[in-house]
Amino acid sequence: APRSTAAAATLLGGTVRGTPYRAVVGAAAPSVVLRMKAQTRRRDAARGALAVLQGTNAALRGGAALAPALRSALERCDPVLREPFDAALRSFELNAPLDAAMRASTRVAWDRRIAFALDALAIVASEQLPSARAAALVASAAERLAFEQHLGEEIVARTSGLRAQIVLLALLVPALAAYLALTMPGLAATLTSPLGLFVLVPAALVFEGAGIVASRSIVGAIAS
């Protein structure tokens, strides 16, 4: 029993000096957190693609040409959102055709909403439509994007239960391992042996982390 208790403490707290999984978790955690924060920032910024289309539409209705209308719409946008649009405008200022510049930015857009907005603006630029007709086309694209965004928000709300289940399952695995180590001395001995500390436990942590990331990615893909 004392050996099982010690093994459970080792699994929960990583108290054995030099255990590799402490180093693995310590090295991987900051990278994972930063990546998740960056993805969240970009996902939140991409919601502004609708505002870009709406602002461009308003400027076009005022008689502005497409490029100045887009610049006007981008003035108050998140800098993260502005990157692909600004890249297209910079290429245009260097004498590239506006539609080609926007399609080039579409290929490197990280979110389908931004790509959709750039595609819609590229079509307007390629057709060289008058401001009134261009405004109507951009308004139609904005309506479609608004509908898709509203639908995506509804899906996210309905999949919130799945996200909670992912977290619960992630907490269940180490709790179950600690319980088994407490009640099964043979398992405790295996987990505290070199094989357990250097192979089994690190592999379990890697598999669990990969499962969490994959599950969240699947749910996120469904929601988007």
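Just one of Leu50, Leu137 is farther than 22 Å from Glu153 by Cα and either among the acidic types (Asp, Glu) or part of a helix (DSSP H, G or I) (or both); which is it?
Every option except Leu137 fails the conditions.
Determine which single condition Ser31 fails, assuming it passes every other condition in (1) among the small types (Gly, Ala, Ser); (2) over 30 Å from Ala132 (Cβ atoms); (3) open to solvent by 60 Å² or more (accessible area, probe 1.4 Å); (4) modelled with pLDDT of 75 or more.
(4)
So, of the residues in segment 84-121 that are within 23 Å of the chain's Cα centre (by Cα) and outside any helix (DSSP H, G or I), which turns out to be surrounded by the most Cβ atoms within 10 Å (Cβ to Cβ)?
For segment 84-121, the residue satisfying everything is Ala109.
Between a first residue in segment 57-79 that is under 19 Å from Ala100 (Cα atoms) and a second residue that is in a helix (DSSP H, G or I) and aromatic (Phe, Trp, Tyr), which pairs have beta carbons less than 7 Å apart while being 6 or more apart in sequence or on different chains?
From segment 57-79, the pairs are Ala67/Phe92; Leu70/Phe85.
Select, from Leu176, Leu162, Leu205, Leu172, the only residue that is part of a helix (DSSP H, G or I), touching a Phe, Trp or Tyr at 6+ places or on another chain (Cβ under 6 Å) and open to solvent by 50 Å² or more (accessible area, probe 1.4 Å).
Leu205
The values are calculated or read from the model by the stated rules, or taken from the named source; none is laboratory data. The shown structure was predicted, so the numbers you read here are calculated from the model rather than taken from an experiment. For neighbour counting, all protein chains shown are included, and Cβ atoms are generated from backbone atoms with ideal geometry for every residue, glycine included. When the accessible area is computed, the model is the full protein with side chains, heavy atoms only, and any ligands, DNA or RNA have been set aside. Shrake-Rupley method; radii C 1.70, N 1.55, O 1.52, S 1.80 Å.
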